[in-house]
Amino acid sequence: MSTPLLRVQGVTKKYGPNTVLNDVSFEIGKSEVVGLLGDNGAGKSTLVKIMSGVVDATAGEFFWDGTKIENINREKTEELGVETIFQDSALVPQMSITRNIFMGREITNKLGLMKIKEMDAITADVLDSVVTIEGIKSPKQLVSSLSGGQAQAVAIARAVHFKRSLLILDEPTSALAVRATEALLDYLRQLKGEGVSSVLVTHNLHHAYQVCDRHIVMNHGRKILDVRKEDTTVEELTAAVVGGAEGIRRYREGKK
Amino acid sequence: MSNRPPGEKKPVLQAPLATEAITQVKRLSDKQPTTFIGRMKNELQFIRGRGAFEISIVLAVLLIGYIVASVISPTGFAFLNPNNLSGVISQSIPVLAILGLAAGILMIAGEFDLSLGPAITFNAIVFIKFSESFGLAAGIIGGILSGVFIALVNGSIVVFTRIPSFIATLGMSFFWAGASIFVNGTTPAILTKSRDEVMVFLFAQDFGSFRSQLVWLLILGVLAWFFLHRHKLGNHIFAVGGNESAAEAISINSKKIKLIAFATFGGLVGFASILIAVRTSSMQPGGSATQDFTLFAIAAAVVGGTSLNGGRGSVIGIIVGAALIELIRNGLLLAKAPGFYITLFVGITIVIASIFNKVMEGKAR
Ligand SMILES: Nc1ncnc2c1ncn2[C@@H]1O[C@H](COP(=O)(O)OP(=O)(O)O)[C@@H](O)[C@H]1O
Ligand SMILES: [Mg+2]
C-alpha cells in the first residue's frame, strides 16, 4: 500500500487522573473510508478532536503523507484540508446559516468587509446541491430556528463544501431521518472516487459496515480491533463494540 | 430527480419523497428575492427577533408622548426647549451611546468590563495632563491609548486566567480607581490653557441645533456598524460570544478575538472619556464621579437587545437603548420628579428590557 494520508502514532490523552486514550495508533489511507466504532465514552470524539487539532494530546505523533506534523493544531489541519463535523459544538445558534457556513472563512474584500450577497448565494447553492432538507427558507435564517436535523444538515453542508483531503464525521446522522442518512452514506462512497478520505464515527454498525473499507473499534480508550471490511463481519464488530477485547475472543472461539 | 434539469449534480443528502414527482420542490437559490423591496422584506423578516426593531418602536412612542406633552405645556414639560434638546440629544445620548457600544461589543464577545467608570476617570486624567503638557494631539492619542491599555490589561487577566470577567474586572475597577489617585493625587485634574477653541470645536461645540458630540456618535456608530456587522472580525466576535467551542473548532482563535473586543471597548471608552473631560473641564481622581457610567453603559446595551450571554446584539439597538435611557432620565427631570425616581425608573426599564430579551431569545430558539 502507498504512504497513508494520515498516520497517528501512540496517542495518549489524560484528563487529570483519567486516561481517556491509551497509546492509540492507526492509519488512514488515501481515498479510504474508515469507520471509527465503539460504545459511548470509548474515546472516539476525543480522538477526532485530537486528529483535527482542536485538542492537544498528552503524547503522540502525527504524520501527513509520510511527513511529521509538528505541534498539530487547527490552523495546520485546516491548511492540510481536514474538515470535521464535531459531535457537539458545530454551529453558533445565534448566527445565520450563511454566517455559520462561512464562519472563519468569510469571503471578504481587501478591507476585510464581508461580501454578504455572494456568501448568501453560495450558501443557497451549497444547501441545494448538498442537502435536500425541507423547511429551510433562507440562508439568512438563524440556526436557532432550525430543527435538529436541519442544523445537522447545515453542518454537513459546510464540511462537504470546504473538505479537500480528509472529511471526519463524528456521529453525523444522529438527528437525520432515514432517507437523509442513506443519502449521506451514498455520498461517502462517492467521495472515494474523488480521492477524498473519510472517517465515519458512529455506533450504528450497520451504517459503518455498509460504507467503510476498514473498521477501528475503540474500547475504554484503547484500540481493540483494526480490520479490513473483507476480514470481518457485522457480528464480530458487534461483539467487539459490546464486549470489548473479551467479546472478540469469545466470538472467535465460538466460531472455531 | 425527474424534475431537475439533466446534468445537474445530485444532492448529497437528497431524500426523494414519494410525492416529489408531483410536488415540484423549489430550489433555495431560486427562491431568494431579487428585487430591492423583496430583499428588504427578507432582511426584516430574519432580523426580527434581535430586539432592535421593537425597542425602536418603544423609543418612537416615548418621543411622540414627550413632544405632545411639551406642545401642550411648553413650560411645565420643556422637552422641546432648544437648550434641553441640545443637552439631551447632543450631549448625554452620544456619550452614553458610545459607552454602550463599547460595553455592547464586549458583551457580544461574551465578556464584561466592570471597571469602565474608573477607567473613564483614568483616561480623562491622562487626556488632561497630556493636553496641558504636550498639546491636544498628544492628549487625544494618550486618552485613547490609555483606554486601550486598561482594557487590554483587564482582558489579558480574563482571557489567560479564565477568571470570569465579572469578578476580574470588579477587582480591577478598584485598582484603576486607586491608580488615578496614584498618578494625580487627590486633587482634580483641570483643563486650563489647553482648552482652546480647537479643542472645544472638536469635542463640545454648540452648533445651535446640535453639538460636536452628536457628530462623533454618527461617525463612530457607522464605523462600529461596519466593524461589527460587516467585517469578518465582527463576525468572529459574534461567533466566539455565541459558541466559543464551535468557533475554535473552525480555527478561530477565541483568545485573540476576545482581546480585540477588549481593545475596541477600551478605544471607545478612551474616546468617550475625552468627550466627558472637555465638557466638564476637570476630573476628580478616585472614580466616584464616573461610577454610574459602568452600569448605565451595560444597561444601554441590554435595553438595546444585547444578550447577557453573548452572541447577540446590534449597533442600532444599542444606540436606541442609550437614547431611551437618556430620554427617560430627561423626562423625569423635566417632570421635576425627585432624584431617586430616576434611578428607580431606569432600574425598571433595565429589568423589563432583560425580560423582553429573554422572551425574544426564547422565540429565536
Ligand atoms: N474535556 C473533557 N474533560 C474531561 N473528561 C473528558 C473530556 N472530554 C471527554 N472526556 C471523557 O473522555 C471519555 C471519552 O469521551 P468521548 O471521547 O466523548 O467518547 P465517545 O465519543 O466515544 O463517546 C469519557 O469518559 C469522557 O467523560
Ligand atoms: Mg462521541
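The values are calculated or read from the model by the stated rules, or taken from the named source; none is laboratory data. As the structure is a computational prediction, the values presented were derived from the model and not from experiment. Note that each Cβ is placed from the backbone with ideal geometry, even for glycine, and that neighbours are counted across all protein chains shown. The accessibility values were calculated without ligands, DNA or RNA, using every heavy atom of the protein model including side chains. Shrake-Rupley method; radii C 1.70, N 1.55, O 1.52, S 1.80 Å.
Residues of the stretch A:8-40 that are in contact (Cβ under 8 Å) with a residue 24 or more places away in the chain and within 10 Å of ligand 1 (Cβ to nearest atom): A:LYS13, A:LYS14, A:THR19, A:VAL20, A:LEU21, A:LEU36, A:LEU37, A:GLY38, A:ASP39, A:ASN40.
Quick one: which of A:SER145, A:SER197, A:SER174 is open to solvent by less than 10 Å² (accessible area, probe 1.4 Å) and among the polar types (S, T, N, Q)?
Numbers: A:SER145 fails: open to solvent by less than 10 Å² (accessible area, probe 1.4 Å); A:SER174 fails: open to solvent by less than 10 Å² (accessible area, probe 1.4 Å).
Checking each option against the conditions leaves just A:SER197.
Summed over the stretch A:121-177, residues that are of a type in the set (S, T, N, Q), in the same structural domain as A:ASN100 (by TED's automatic domain parsing) and within 16 Å of ligand 2 (Cβ to nearest atom) total 1. Please specify each residue of the stretch A:97-119 satisfying the condition of being within 22 Å of A:GLU83 (Cα to Cα), within 8 Å of chain B (Cβ to nearest Cβ) and in contact with a Phe, Trp or Tyr (Cβ under 7 Å, 6 or more places away or on another chain). A:ARG105 - this is the single residue of the stretch A:97-119 that is within 22 Å of A:GLU83 (Cα to Cα), within 8 Å of chain B (Cβ to nearest Cβ) and in contact with a Phe, Trp or Tyr (Cβ under 7 Å, 6 or more places away or on another chain).
Per-residue answers, yes or no, for (1) over 30 Å from A:ILE116 (Cβ atoms); (2) at pLDDT below 95; (3) open to solvent by 20 Å² or more (accessible area, probe 1.4 Å):
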site	(1), (2), (3)
B:VAL183	yes, yes, yes
B:VAL198	yes, yes, yes
B:GLN205	yes, yes, yes
B:LEU217	no, no, no
B:ALA224	no, no, no
B:ASN235	no, no, no
B:VAL240	no, no, no
B:ALA246	no, yes, no
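A residue that is away from ligand 1 (no atom under 16 Å from the Cβ), in a strand (DSSP E or B), touching a helix residue (DSSP H, G or I) at 6+ places or on another chain (Cβ under 6 Å) and free of Cβ contacts under 8 Å to residues at least 60 places away in the same chain cannot be found anywhere in the stretch A:72-91. State whether the residues of the stretch A:20-37 include one that is polar (S, T, N, Q), under 16 Å from the mean Cα position of the chain (by Cα) and surrounded by fewer than 22 Cβ atoms within 10 Å (Cβ to Cβ). Scanning the stretch A:20-37 turns up at least one residue that is polar (S, T, N, Q), under 16 Å from the mean Cα position of the chain (by Cα) and surrounded by fewer than 22 Cβ atoms within 10 Å (Cβ to Cβ). Screening the candidates B:GLY310, B:GLY304 for the property of being within 14 Å of chain A (Cβ to nearest Cβ) and open to solvent by less than 20 Å² (accessible area, probe 1.4 Å) yields one hit, B:GLY310. For the residues A:VAL48, A:VAL55, the requirement of being assigned by TED's automatic domain parsing to the domain that holds A:VAL242, within 16 Å of ligand 2 (Cβ to nearest atom) and surrounded by 22 or more Cβ atoms within 10 Å (Cβ to Cβ) singles out A:VAL48. Could you please find all residues in the stretch A:111-122 being crowded, with 20+ Cβ neighbours inside 10 Å and part of a helix (DSSP H, G or I)? Result: A:MET119, A:ASP120.
The set of residues in the stretch A:65-110 that are acidic (Asp, Glu), under 26 Å from A:LYS30 (Cα atoms) and open to solvent by 20 Å² or more (accessible area, probe 1.4 Å) comprises A:ASP65, A:GLU70, A:GLU75, A:GLU78, A:GLU79.
Right, B:ILE150: open to solvent by less than 10 Å² (accessible area, probe 1.4 Å), under 19 Å from the mean Cα position of the chain (by Cα) and among the aliphatic types (A, V, I, L, M) or not? Walk me through it before giving the result.
Values: open to solvent by less than 10 Å² (accessible area, probe 1.4 Å): yes; under 19 Å from the mean Cα position of the chain (by Cα): yes; among the aliphatic types (A, V, I, L, M): yes.
Taking the combined requirement at face value, the residue satisfies it.
Can you tell me which residue in the stretch A:17-33 is nearest to the other protein chains (Cβ to nearest Cβ), limited to those that are closer than 20 Å to A:SER198 by Cα, away from ligand 2 (no atom under 16 Å from the Cβ) and in a strand (DSSP E or B)? Among those that are closer than 20 Å to A:SER198 by Cα, away from ligand 2 (no atom under 16 Å from the Cβ) and in a strand (DSSP E or B), it is A:VAL33.
Can you tell me which residues in the stretch A:129-139 are within 7 Å of chain B (Cβ to nearest Cβ) and either in contact with a strand residue (DSSP E or B) (Cβ under 8 Å, 6 or more places away or on another chain) or modelled with pLDDT of 80 or more (or both)? Break it down into steps so the answer makes sense when it comes.
Looking only at the stretch A:129-139, we keep the residues that are within 7 Å of chain B (Cβ to nearest Cβ), and these are A:129-133, A:136, A:138.
Within the stretch A:129-139, A:ILE136, A:SER138 qualify.
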